[in-house]
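Presented below is the structure to which this report refers.
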Amino acid sequence: MNNIYDYLEAGFKIFGIHGATDGKCNCGNDDCKALYKHPVISNWQNVPSWSDEQIETFEAMGHFKTGFGVLCSGFLVIDVDARNGGVPSFEKLCKDVPGAADAAFVVNTGSGGGSQHHYFKLSEPMALVQAHKDYPGIDFKTSGYVIGEGSLHASGSAYETEKGYPQDTDIAPPELLSLLKKPEFHRVQVDGKNIDVNRENIIELLSYFNSNCSYEKWIKTGMAIHHALAGDGLDLWDDWSMKGEDYPEYSQVERHWHSFGKSANPAGYGTLLHYAKEGGYCEPVTFEYDAPSEAVTLDCSSIDVLRPPGFVGELTEWINAQCLYPRENLAVAAALCAVSSLAGMRVTDELDDMSANIIAFCVAGSSTGKEAVQQAYLKILKVAGVHDAVHGAFKSEQELMRNLIRHQAAFYSVDEMGIVLRKLENASKKGGASYLEGLIGQVMSIYSKANGYLPLSGDLKEEIKTIMLRDLAKVSRQLEDLPQDSSTDTKRARIEKQKDRIETAIDKVSEGLESPFLTILGYTTPITFDSLMGFEQATNGFLARAMMFSELETNPKRKKKFIKHRMSEQLENKIRNLYAPGKFDMLDHDSRVEFTGSKDVIPTTDEGQELLNLVYEHFYTMADEHKGKTGLEAIPRRGYEIVSKVSLILALPEGVRTAEHIRYAYRLAKKDTEGKIKLAYSTENNDSADGLAAKVLSVISDEHGETQGVICNKLHKVPKEQVASLLAQMTEKGMIELKEYKNTKGRLVKKYYSVA
């Protein structure tokens, strides 16, 4: 390539790049993803200024046959990535910064669509940020490398000159350098507190743990550096990574790094801090003795259960933005289930060996917006590429097992779940619909084996194997019927992959199921659900394990000027990164939904561990009280499990469970436990005053009130006079209070609220 001499004459340092054959890199590693971007030499970071003889030798060896890399050291290359919003960002940059559009040498990259490299010189070494929050889709590269003009791209196109020559490269405009100058400190948030950190802080933390670690921890470390330094720190992550035995090529490190920039993953400084503390790091002591410090408490009075912390909160906000009617409790359920489904297979809890799968019920009135929440949840799973493992109904025990053989995970999103449960209950009691018998027991067995092993019965093995052998024969015939020419290569590859999956699944039938991962998000109405929540179901059955998310308002008012929000590209990338950290742009959407290898253990901070002990004591005491009072002690006994699971889910994106996660989970579990106790007690004792009082408390809260007329309708078999007497008695005891206000028409309205 003659282009290399133009670059050398302009003062650039270059090196050869591997080509590719049949879609695989010529480096020899079949898993290499850096097609036409993989350096031929391993120490490319330290290439010298080659002599003419050396360049001729490299040319003769074929180093530059398909392309070459160009070191960015001493230069600033504005890398505009059209696929990730770089083109409109560059247009904005050119308007905001004088001279940004005046590069004398510009190259169109092989990916097309407006992707470009704009070259500038640096008059002196300086520290510049690689990414800027105002200009997504642009990398400002002063380190690493770019691919030179004339080189081939994986798309089949070549890098072509848009403007000028390498020798024309001018000094970067001062306004641009001022914009990109690295701040001395970056503000980060750790456990709800703001602190300022710099590169030296990050380097110190990295010195306390090494890169001979799991892939998950390695990726989380890179994400945390990127987040803590606002896109800076690739060199820190690469230097730290190079000390590990499994160090990949720089091109792979850089590829992952760019994916972090696209997803803005929430792993941050707190993640690094925890890893460092595990290695012996101790934060500097800054306090002055004044008085004995307060003990860790479970105070959660300021926590809003509708606003979860971290990424779960971000997903909740997006789901809410899809709903014409306020369905905020349901949005929390969908967000928790989504994060559980996408990341839960990879992790376990270091304290209790708890899994991150959950069962949640969304309880809301008919025609009040459940469908919008369900569609938002399905959209999230589709974006992650796991839609093949999503199911909309329970048909039989055999079908449930087949789903879990085809994929390690089964994500159920079931409409009218209350009606489904009633059918199952009737099948069990009356002996009808035999294909449904035993299904709930099987669901519970699978649900509890997410960190274990589930053997299969002999009959079930043979039945499922027969069906799958039939599927295998069908795809084998499809392969035989395909013409043997290049026009069918893509279809053939897809069918062969499907055949491999079926053969793998058949083998799994004989082995049983290892770590089957089942999540359920069900939707139902209060009328259907409330009647199901009896004593037996609340204490021993399927419903006892589930979390209940209820919308008490059965006539919600539509949002004014409502416009459904589209999912941003950044949120899409963050969702993909949650499912496959550091690999979201490499996903094979035809692959089996599974996790292989050792699970990542989610650590818990010291304060978090203290809080979990308090959580256990609280629910133990609560269960002891109900043991003699209502007989519903089984409900609060599951309170700790709920806190453990929810806090684990909240911690999944960051990789560390904190006190903030546990306090939120405790507040949510407390609300859930109290709600189920009220509902179960009222269902079982619907003729007693206590049962009726519990029913009243189950339809109102300290934030949601109802009129006496509405409460009478909820207790429709109870005479109005008796309801009025009951409400008066509950008001006198301080259980509820009557509030008055004027509605939009100026009329006086009286509603009963529970006392917080």
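The values are calculated or read from the model by the stated rules, or taken from the named source; none is laboratory data. Every value quoted in this text rests on a predicted model; they were computed, and no experiment measured them. Every residue, glycine among them, receives a Cβ derived from its backbone with ideal geometry; neighbour counts consider all protein chains shown.
Do you know which residues across segment 263-293 are more than 30 Å from Glu569 (Cβ to Cβ), at pLDDT 50 or above and of a type in the set (Val, Ile, Thr)? Residue satisfying the conditions is Val285 alone. Among the residues making up segment 600-629, those that are surrounded by 19 or more Cβ atoms within 10 Å (Cβ to Cβ) and either basic (Lys, Arg) or not in a helix (DSSP H, G or I) (or both) are Asp600, Ile602, Pro603, Thr604, Thr605.
Given the condition farther than 17 Å from Met548 by Cβ, surrounded by 19 or more Cβ atoms within 10 Å (Cβ to Cβ) and acidic (Asp, Glu), answer yes or no: does some residue in segment 644-654 qualify? If you could, list the steps in order and put the result at the bottom.
First, the residues of segment 644-654 that are farther than 17 Å from Met548 by Cβ: 644, 647-648, 650-654.
Subset that is surrounded by 19 or more Cβ atoms within 10 Å (Cβ to Cβ): 644, 647-648, 650-654.
With the extra rule that they be acidic (Asp, Glu), the set shrinks to 654.
Yes, some residue in segment 644-654 is farther than 17 Å from Met548 by Cβ, surrounded by 19 or more Cβ atoms within 10 Å (Cβ to Cβ) and acidic (Asp, Glu).
Just need a number here: residues in segment 105-157 that are among the acidic types (Asp, Glu), modelled with pLDDT of 90 or more and farther than 17 Å from Tyr7 by Cα. Spell out the reasoning first.
Step one: filter segment 105-157 for residues among the acidic types (Asp, Glu), giving 124, 134, 139, 149.
Those left that are additionally modelled with pLDDT of 90 or more: 149.
Now restrict to residues that are farther than 17 Å from Tyr7 by Cα: none.
Here the count works out to 0.
Of the helices (runs of 4 or more DSSP H) entirely within segment 634-728, those holding at least 2 residues that are closer than 30 Å to Leu342 by Cα and of a type in the set (Lys, Arg) occupy 659-684. When Ala634, Ala659 are checked against the criterion of being at pLDDT 85 or above, farther than 20 Å from Ile358 by Cβ and either in contact with a helix residue (DSSP H, G or I) (Cβ under 9 Å, 6 or more places away or on another chain) or not aliphatic (A, V, I, L, M) (or both), Ala659 stands alone in meeting it. Comparison of Ser568, Ser515, Ser550 shows that the only residue that is among the hydroxyl-bearing types (Ser, Thr, Tyr), within 30 Å of the chain's Cα centre (by Cα) and at positive phi is Ser515. Filtering segment 134-151 to residues that are assigned to a loop (DSSP other than H, G, I, E, B) and buried (at least 19 other Cβ atoms within 10 Å of the Cβ) leaves Tyr135, Pro136, Gly137, Thr142, Gly144, Gly148, Glu149, Gly150, Ser151.
The residue list Ala131, Ala154, Ala101 contains one member that is in a loop (DSSP other than H, G, I, E, B), free of Cβ contacts under 8 Å to residues at least 40 places away in the same chain and aliphatic (A, V, I, L, M), which is Ala101. For segment 313-361, the set of residues classified as in contact with a helix residue (DSSP H, G or I) (Cβ under 7 Å, 6 or more places away or on another chain), part of a loop (DSSP other than H, G, I, E, B) and surrounded by fewer than 24 Cβ atoms within 10 Å (Cβ to Cβ) consists of Gln322, Leu324, Leu351, Asp352, Met354, listed by residue number. Taking segment 105-128 as the range and being touching a Phe, Trp or Tyr at 6+ places or on another chain (Cβ under 8 Å), under 22 Å from Ser178 (Cβ atoms) and in a loop (DSSP other than H, G, I, E, B) as the test, only Leu122 passes.
Can you find even one residue in segment 167-189 that is closer than 18 Å to Val656 by Cα and part of a strand (DSSP E or B)? The answer is yes; a qualifying residue exists. Go through the residues of segment 536-547 one by one and say whether even a single one is closer than 20 Å to Met417 by Cβ, in contact with a helix residue (DSSP H, G or I) (Cβ under 6 Å, 6 or more places away or on another chain), assigned by TED's automatic domain parsing to the domain that holds Leu342 and modelled with pLDDT of 80 or more. Checking segment 536-547: at least one residue is closer than 20 Å to Met417 by Cβ, in contact with a helix residue (DSSP H, G or I) (Cβ under 6 Å, 6 or more places away or on another chain), assigned by TED's automatic domain parsing to the domain that holds Leu342 and modelled with pLDDT of 80 or more.
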